[in-house]
Amino acid sequence: MPSLRLANLIDGRLQAPRQDRWLDVFEPASGEVFAHCPDSSADDVEAAVAAAHAAAPAWAATPSEQRARLLQRLADLVEARLDAFAALESRDSGKPLSLARSLDIPRAVSNLRYFAAAIVPWSSESHAMELGAINYTLRQPLGVVGCISPWNLPLYLFTWKIAPALAAGNAVVAKPSEITPCTAALLGELSIEAGFPPGVLNIVQGRGPSVGQALVEHAQVKAISFTGSTRTGAQIAAAAAPRFKKLSLELGGKNPAIVFADADLSEANLDTIVRSGFANQGEICLCGSRLLVQRSIYDDFRARYLARVRALRVGDPRDASSDLGALVSREHFEKVMGCIEQARAEGGQVLCGGESLALPGPLAGGWYVAPTVVEGLAPEAATNQHEIFGPVVSLIPFDDEDEALAIANGTGYGLAASLWTADLSRAHRFGARLDVGIVWINCWLLRDLRTPFGGTRQSGVGREGGVEALRFFTEPKNICIRY
Ligand code: NAD
């Protein structure tokens, strides 16, 4: 019998779904069901939006110091249970426990703390006119906002959205991914303990086409902050357009890592380049899945890179020696294996990996894929164009800067890029010409919460992070007063 039965959080109370329907939640490491999550309906969304709508005016009028205190209290409660959260996140998503403990949960705590701190000095602008008038701009909360998050960094991205939304004075209805619902449910329970007023934070669990869509279509939900696939982002944009909703869309990527011949390829930098492709089984939107290498160093680089990739250990996510755990679901596992088959079919050579792995004993049913490197595919090949979102990296040689730039910018996506070069001028020049939202030079995944985060083209619309998130979750109103 599954031990865990999750609940919705609506109006400050943990509730079963109104229609008493439930979804199986799988442990990717074993393929077994370990929890049940509400398969909520539009009725649950309706109740959550009504509760949020009722709570919104008082929350907006609550002093920002008080809102910040509650967010800090919630951060304290999560931090005090870091091990429990990390274990649950790893069990739910298949990611290594060590990663959940070092990245996902600490970052969720930081998200809560950062926006708690950021809201207090957040103030309005004023502009004196020579005509004897002053303009001032109020930044007012929107009212009820919807936050929809994906499965790959469950609590990390859930808090990345709800923290600025709540800090700015909005009431929130949030929907975590139905594939990884557990840590958001635990956070919801702790929000009651932290003392958030009923209705300020509501969490409705369930599927995208039912819960997510009802949230997007609801007339009282003023804005949607969404992170997920480009396909779902397009559906949300279409549903939101006739309702003129504010939208922030953080979508997929096909990120290039570009290695120039002059790069410092120290052991540490090579490790980072490997990590940038395979961290979290490649299930990070910022992972570099196209590795562009200057032809003059291609053979040497490939040998050193492959030796490292072959040494990566795929195993039990709870085992500290596992570099990669399991892919998040059977469906995603089948998709990734299909992409590897496609790479072969379009003429790619699989240099390492390329197969699924069967672990012994109780983990035999888990969804494990060996870290895979392919080469020999044209930049236009499907493998080099479509997001795989798994442990698959494609090596692509290039001759000069112009060619590297054309390949790097030559997909529909524009989320992130990492550039490896010792030439400072090139770093600036190339960085400015990349059509992406985030560029790392001689590093990867260094994230400062004050910086704008988001992508161009099919990678999204709008920016989150720092003041960008606070701007998104508020409406500016200009008031002009004559004296
Ligand atoms: P997804 O689009 O399938 O689902 C994301 C969320 O949207 C889930 O909560 C899902 O239930 C919900 N949803 C699905 N259909 C919906 C609909 N019609 N209306 C409203 N909500 C709906 O994405 P996923 O598979 O969970 O996540 C992986 C994707 O997320 C990848 O493409 C990855 O690149 C992207 N991602 C992007 C970023 C970023 O910051 N740009 C970060 C992480 C993940």
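The values are calculated or read from the model by the stated rules, or taken from the named source; none is laboratory data. In this text, all values refer to a predicted model and were calculated from it rather than measured experimentally. Note that we place each Cβ from the backbone using ideal geometry, even for glycine, and neighbour counts take in every protein chain shown. Just so you know, the surface numbers come from the protein's heavy atoms only, side chains and all, with ligands and any DNA or RNA stripped out. Shrake-Rupley method; radii C 1.70, N 1.55, O 1.52, S 1.80 Å.
Apply the a/c threshold of 1.5 to the C-alpha gyration tensor of segment 256-448 and tell me whether it is rounded, prolate or oblate. Here segment 256-448 falls in the prolate category.
For segment 248-306, a/c is not less than 1.5, where a ≥ b ≥ c are the root eigenvalues of the C-alpha gyration tensor, and a/b tops b/c. That puts it in the prolate class. Taking the charge dipole of segment 256-448 about its Cα centre, with +1 at Lys and Arg Cβ atoms and -1 at Asp and Glu Cβ atoms, the residue from 259, 377, 284 reaching farthest to the positive side is 284.
A 1.4 Å probe run over the protein chains yields, for segment 256-448, 39 Å² of accessible area per residue, whole-number rounding.
With contacts taken as Cα pairs under 8 Å at a separation of at least 6 residues, segment 170-285 carries a relative contact order of 20 percent. Charge tally for residue 97 (other residues, Cβ to Cβ under 13 Å; Lys, Arg +1; Asp, Glu -1): -4.
The share of accessible area on segment 256-448 that comes from carbon and sulfur is 51 percent, using a 1.4 angstrom probe. Per-peptide packing, taken as the mean over residues of other Cβ atoms within 10 Å, places 147-159, 22-34, 407-419, 335-347 in the sequence 147-159, 407-419, 22-34, 335-347 from highest down. Taking θ as phi - 60° and the Karplus parameters 6.51, -1.76 and 1.60, the scalar couplings of segment 367-376 work out to 10, 10, 10, 5, x, 10, 10, 10, 9, x Hz in sequence order, x denoting glycine and proline. A prolate overall shape is assigned to segment 393-483, the ratio a/c of its alpha-carbon gyration tensor axes (a ≥ b ≥ c) being 1.5 or greater and a/b exceeding b/c. Excluding residue 172 itself, calculate the net charge of residues whose Cβ lies under 13 Å from the Cβ of residue 172, where each Lys or Arg counts +1 and each Asp or Glu counts -1. Local net charge: +3.
Over all other residues within a Cβ to Cβ distance under 13 Å of residue 431, the charged ones net out to 0, with Lys and Arg as +1 and Asp and Glu as -1. Per-residue ellipticity at 222 nm computed for the chain from its helices equals -11500 deg cm²/dmol, with DSSP H segments shorter than 4 residues left out and the rest contributing -39,500 (n - 2.57). Here the dipole of segment 1-62 is about 200 debye; that uses its Cα centre as origin and unit charges on the Cβ of Lys and Arg (positive) and Asp and Glu (negative). Cα centroids of segment 270-330 and segment 134-187: how far apart, whole angstrom? That distance is 31 Å. Summarising the amide proton neighbourhood of residue 445: residues at separation of 5 or more, or on other chains, whose placed amide H is nearer than 5 Å comprise an empty set. Measuring only protein heavy atoms, the 1.4 Å probe finds residue 246 accessible over about 60 Å². Of the chymotrypsin sites (Phe, Trp or Tyr not before Pro) in segment 207-306, the ones in a loop by DSSP (not H, G, I, E or B) with at most 15 other beta carbons within 10 Å are 244.
In units of the compact-protein estimate 2.2 N^0.38 Å, the chain shows a Cα radius of gyration of 1.00. Placing unit charges on each Cβ (+1 for Lys and Arg, -1 for Asp and Glu) gives segment 195-307 a dipole about its Cα centre, and among 206, 195, 229 the Cα reaching farthest toward its positive end belongs to 206.
The orientation-averaged projection of the convex hull spanning the C-alpha atoms of segment 361-434 amounts to 7.1 square nanometres. The Cα atoms of segment 320-385 cover 40, 24, 16 Å along the three principal axes, with the biggest extent listed first. Among the listed pairs 246/335; 254/477; 95/175; 175/222, give every one whose C-alpha distance is greater than 27 Å. From 246/335; 254/477; 95/175; 175/222, over 27 Å: 246/335; 254/477.
Centre-to-centre, using Cα atoms only, segment 29-90 and segment 360-375 are separated by 33 Å. For segment 51-134, applying the loop criterion from DSSP together with a ceiling of 16 other beta carbons within 10 Å to the GluC sites (Glu not before Pro) yields 130. Taking amide H positions as modeled 1.01 Å from N, with prolines and chain starts lacking one, the residues under 5 Å from residue 369 and 5 or more places away or on another chain are 327, 357.
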